[in-house]
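Where a number appears in this text, it was derived from the coordinates with a stated rule and is not lab data. All values derive from a computational prediction rather than experimental measurement. When we count neighbours, we look across all protein chains shown, and the Cβ atoms used for this are built from the backbone with ideal geometry, even at glycine.
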């Protein structure tokens with residue numbers, strides 16, 4: 001299938017092609033024709049990193065009336081980084097089509113600055129739930145006329161404690177007869193409750209198999225050893241990679257902080273990304289990583305949401321993640337846009353059982369490096 005065959009306009013296809021996006025992913029093939037039908041609720045289950053932004057973004061852009069300057073679509077995202085990424089992609093999609101004004105609002109930036117931006121004509125708002133509630137309380141944003149409400153990474157928003165905010169936003173927009181498009185890697189019970197209450201019983205549903213979500217350009221590897229030797233193993237691997245760049249994932253914030261210090265002591269150009277950092281410090285690290293003044297990034301899972309950096313050669317799982325979809329999300333930071341990459345897990349003997357479980361669930365194969 002091509003994007004044109006899915007019903008995407010030639011002008012939007014031209015914008016996609018300039019970004020190096022030529023062929024739709026599974027979730028895009030499934031979602032775009034359904035979402036461009038018009039008034040429809042939608043529940044899409046697909047792993048992180050499978051192209052969900054274009055899956056909902058292209059149909060939204062097709063529905064926006066550029067001559068109307070009120071907010072017509074609202075996209076909720078769990079983190080500032082993912083929200084910024086979505087807004088940036090929507091902007092790039094429309095390079096050759098009618099100008100659509102998108103504003104991203106999130107915590108960590110002065111609210112007065114965002115209120116001033118929202119005074120301009122705005123047709124799409126991308127928001128983290130907490131900041132949107134603050135703006136609604138100040139009557140700084142009017143979402144009463146929206147046609148479409150997207151919940152992206154819905155399970156992640158719930159796990160981060162946004163259920164009350166999500167419910168308030170869904171209630172506030174109910175009278176607008178808006179369509180709800182919900183995208184999530186998993187559908188836990190708490191999310192099912194929201195779907196049953198706020199999403200139409202006639203909603204179209206799509207579930208992209210985990211096997212279909214895995215990027216085939218990634219080589220999955222592991223080194224088994226003693227936990228005490230893990231840092232030395234990592235140092236040896238990094239040395240073998242020369243100047244190539246990558247992200248090293250930990251499960252906990254404490255481990256991320258410790259590892260970043262240990263690598264810096266070994267003279268590595270390394271940045272740290274974890275949930276307790278101030279937003280200005282997170283932005284500073286991401287700028288340095290994107291402009292290549294940092295070769296390595298040590299990150300926790302939630303902190304890495306929305307990271308999209310081109311040409312990363314590898315990711316390292318210094319600690320295995322708790323959830324299967326986190327493995328897909330982590331490893332998907334490499335081998336983007338048709339490139340290849342390495343996803344290396346550093347494990348002890350007891351954790352090899354977990355690797356075999358990931359193999360079964362994701363339809364992948366780990367090769368042992370000795």
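The table for this structure:
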item: Separation of alpha-carbon centers, segment 250-267 and segment 303-358, rounded to whole Å; result: 17
item: Relative contact order, percent, segment 215-368 [alpha-carbon distance under 8 Å, six or more residues apart]; result: 38
item: Rg [Å, one decimal], Dmax [Å, integer] - segment 1-46, C-alpha atoms; result: 11.1, 31
item: Cα Rg, Dmax, segment 10-211, angstrom units; result: 15.8, 45
item: Mean separation of Cα contacts under 8 Å, 6 or more apart, over the residue count of the chain: relative contact order %; result: 19
item: C-alpha long axis of helix 163-173 to longest principal axis of the chain, angle in °; result: 20
item: Cα-based Rg / Dmax (Å) for segment 140-287; result: 21.4, 59
item: Ordering of 315-322, 137-144 by packing [mean C-beta count within 10 Å, highest first]; result: 315-322, 137-144
item: Under the Debye formula (equal points on every Cα, no solvent term), log10 I(q)/I(0) of the chain at q = 0.15 Å⁻¹; result: -1.38
item: Cut-off 16 Å (backbone N to label point 7 Å along Cα→Cβ of residue 276), residues of segment 298-331; result: 299-303
item: At 0.890 mPa s and 25 °C, Stokes D of segment 215-368 from Kirkwood alpha-carbon radius, µm² per second; result: 158
item: Percentage relative contact order, segment 138-235, counting C-alpha pairs under 8 Å, at least six apart; result: 30
item: Spin-label zone in segment 333-369 - amide nitrogen under 17 Å from a point set 7 Å from the Cα of residue 313 along the C-beta vector; result: 333-336, 339-345
item: Packing rank of 284-293, 126-135, 3-12, where each peptide gets the mean count of other beta carbons within 10 Å, highest leading; result: 126-135, 3-12, 284-293
item: Tilt relative to the chain, helix 230-240 - C-alpha long axis, 0 to 90 degrees, to 10; result: 80
item: Distance between modelled label sites at residue 258 and residue 88, nm, 7 Å Cα→Cβ extension; result: 3.2
item: Base-10 log of normalised Debye intensity for segment 103-169 (one unit scatterer per alpha-carbon) at q = 0.27 Å⁻¹; result: -1.41
item: Packing-based ranking, highest mean first, of 178-191, 230-243, 150-163, 345-358 given that Cβ atoms within 10 Å are counted; result: 150-163, 178-191, 345-358, 230-243
item: The chain: angle of helix 189-198 to the longest principal axis, Cα-based, in degrees nearest 10; result: 10
